[in-house]
Amino acid sequence: MQAGQKMTKLKKLEELFSRYSDLPQEAIIKEEMLTHGFYWEKQLKIDEARGVLRLEGGPYSLRRTIIRLNKEPGSPYRIESNGEHLKVMDRETGDVIALAQPFPQDSAYQDRTFSDGTLYSAIVSPDAEVTLVGSGHQIHDPARVADAVAEIFVKKQRPPQEMPVCILIVAENFLEAVGKQEETEILQYVDAIRDQIGNQVPILLEMSPLSAGIEERIHRHGVKARLSNLEVWDPTLFARLRAVKDQRMDWEERVRRILDQVYVYGWNAVFPKLNIGIEMSQPSGFKTVEEALASTSEGIRFFMMHGAVPNLIHWRADVKLAPAGQQPATEFFLEVDRIWYDAWVKYGQDEPCGYLMGPGRSRYPDSGVYDIGRGAPLESDAKKSRERVQNVTRIG
């Protein structure tokens, strides 16, 4: 390439394919597009509220790749329509990179409403993510939540590959909204869903980690796996980032409770959430890529060796607020993906509860890590798995 000549996005992708030849192209394309977001014209009707696309095909014969839809006016990736499909293109050259469509596809569910006109999808997303607190801090009724879930799993009006593989109840701010701190408030929703659909898929719960006794009661009611937000591994950076957030639980206590969850839910069913890239945010973050990678690598390996599987979230700086250059390059996220997968293999993990792994199988939209791998591993011996959990070393 001659000096001063701009690299097309296809050339950029092919360079990444060459440099990261050990990673599937699906993971590379996902991290690149999560880094830059997408641009589309206003007249193109794209449901930003659903916020998830399925990419496939194109010049690289991309296998199904599920990605979070982030609109970015300055993105080099443009979404257009050819009448039948959406397509992702190099904004400058017009080269097609992949075909796209909203995911999952279920027009009947999207149009279904309760008697008062409330959309089912305003309470439970088409991919079975349950929102307990609606607009205006309205608390949704457990029976309504269960009805919306049943609409997906009982009628099954979509192809099997479009069906959710788990139910995720997001309750991070729910107990504060209802003014109580009793887990029984959450269990009403778990019980109502189980009464409607039985045990077709696992229920995952996302909220701050609780004491071991409360977690045991939640598990007995049918919650199979837990997500808790740690955000960043470094304790000092955690304290800085949480300065204007919830300070009722410090880093040490949060990590200790996450490890306790492994005793309750088992190996491969505890998912601490890490915002990858935020450790480079300024002025609080690390000044070099090497420092950031070393810290993040330590956290990923620590959790993996103790039976927890970090859920990585590709963080994007707000370009309106962030100084130029604050957003880490795609290569940073691909290095983290390698670290994550190497740790996953080293510590003998199985396919995480409620998630699918491998190119063409993953449904996780926020990182390329689940698009890496050989698909579903063989199930481990249950006795060995219990022994590993019992041998977890606690912090402190």
Flagged in the range 125-153 as in a loop (DSSP other than H, G, I, E, B), crowded, with 19+ Cβ neighbours inside 10 Å, within 21 Å of the chain's Cα centre (by Cα) and at negative phi, in numbering order, are S125, P126, D127, L132
Near pairs, Cβ below 7 angstrom, 6+ apart or cross-chain, from the range 152-163 (modelled with pLDDT of 85 or more) to any residue that is part of a helix (DSSP H, G or I) | I152/Y109; F153/I197; V154/I197
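Can you tell me which residue is farthest from the chain's Cα centre (by Cα) among those in the range 345-376 that are of a type in the set (K, R) and under 20 Å from V201 (Cβ atoms)?
It comes out as R361.
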Of the residues I29, I66, which single one is among the hydrophobic types (A, V, I, L, M, F, W, C), at pLDDT 90 or above and over 16 Å from the mean Cα position of the chain (by Cα)?
-> I29
Would you point out the residue of the range 32-49, among those that are loosely packed, with under 15 Cβ neighbours inside 10 Å and not polar (S, T, N, Q), that is modelled with the lowest pLDDT?
-> A49
Tally of residues being closer than 24 Å to K156 by Cβ and of a type in the set (K, R) across the range 189-221 | 1
Do the conditions hold for K180, that is, is it surrounded by fewer than 20 Cβ atoms within 10 Å (Cβ to Cβ), more than 20 Å from the chain's Cα centre (by Cα), within 30 Å of L293 (Cβ to Cβ) and modelled with pLDDT under 95?
-> no
What's the number of the condition D234 fails, among (1) over 30 Å from Q282 (Cβ atoms); (2) surrounded by 14 or more Cβ atoms within 10 Å (Cβ to Cβ)?
-> (1)
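The values are calculated or read from the model by the stated rules, or taken from the named source; none is laboratory data. What you see is a predicted model; the values in this text were computed from it and never measured. Glycine also receives a Cβ, built like all others from the backbone with ideal geometry; neighbour counts cover every protein chain displayed.
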